[in-house]
Amino acid sequence: MAQKETIKMDYSRAIAHLQAADPILAATIERSGPCTLWHDRQTGDLLESLAESIIYQQLSGKAAGTIHRRFLALYPHTPHPTAAEILATPDEVLRGAGLSRAKTLYVKDLAQKVLDGLPSLEDLEQLEDDAIIRTLTQVKGIGKWTAEMLLIFRLHRWDVLPVDDLGIRNGMRLLYSLPDLPNKNTMLQIAEPWRPYRTIAAWYLWRSVDIKAMGKEG
């Protein structure tokens, strides 16, 4: 991940709301402890944040983190490459760092869109969530999920529910004893009482899946 901010976020109001609104989620919050979403907050510009999200697509956090570090190591003179530097990097070099053929294409398309005038983070911050998603999904490889990750981890929006995220779906299935992974409508129905703090609830769903996995490993 990008360098973390040192300012600790205060999630107390959100957590109090979630605990009052949903007893099942309240039990998970009790088991999981304080929300530390702020640990994973991205701090880079739009190119840095979206390139990182593209690299993380459909990979475990550990594998994606390794590839992301290799990607950044291609540009030792700077913490993060510019759009021009990414475009000048041969595809085989990016592939050698671990990017798939598709992700190499996506990262380069992102870099080109940035040079062509993709709105900056400062511009995006003035927009509603849906408008940001519409803007970003014009870039190859940037789907709704990737845009939502930017909303959560870079723009720090409080009410994002990534209904396509496997971890969120699995967390709901486990917590609410569902027979199968929930579909979008079921997820929206379960999450309705969480508004306007669905981002924080999503973090606890991710956390609940991690705790379950650690229990199995132990």
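The values are calculated or read from the model by the stated rules, or taken from the named source; none is laboratory data. A quick note: this is a predicted structure, and the numbers were derived from the prediction, not measured. For neighbour counting, all protein chains shown are included, and Cβ atoms are generated from backbone atoms with ideal geometry for every residue, glycine included. Ligands, DNA and RNA are stripped out before the accessible areas are found, and what is left, the full protein with its side chains, is counted by its heavy atoms. Shrake-Rupley method; radii C 1.70, N 1.55, O 1.52, S 1.80 Å.
Distance in nm between label sites at A27 and L87, each 7 Å beyond Cα in the beta-carbon direction?
Using points 7 Å along Cα→Cβ, the separation is 5.5 nm.
Give or take rounding to whole Å, what are the principal axis extents of the alpha carbon atoms in region 1-97, in descending order?
53, 26, 16
For the modelled label position 7 Å from the Cα of D116 along Cα-to-Cβ, which residues of region 73-104 have backbone nitrogen atoms closer than 12 Å?
It comes to no residues whatsoever.
Could you give the radius of gyration (one decimal) and Dmax (whole number) of the Cα atoms in the chain, in Å?
Looking at the chain, its Cα Rg and Dmax stand at 18.1, 53 Å.
Averaged over every viewing direction, what's the projected area of the C-alpha convex hull for region 75-159? Give it in nm², one decimal, please.
One quarter of the hull surface, i.e. the mean projection, equals 6.1 nm².
If ligands, DNA and RNA are left out, what is the accessible area of S120 with a 1.4 Å probe, given in Å² to the nearest 10?
40
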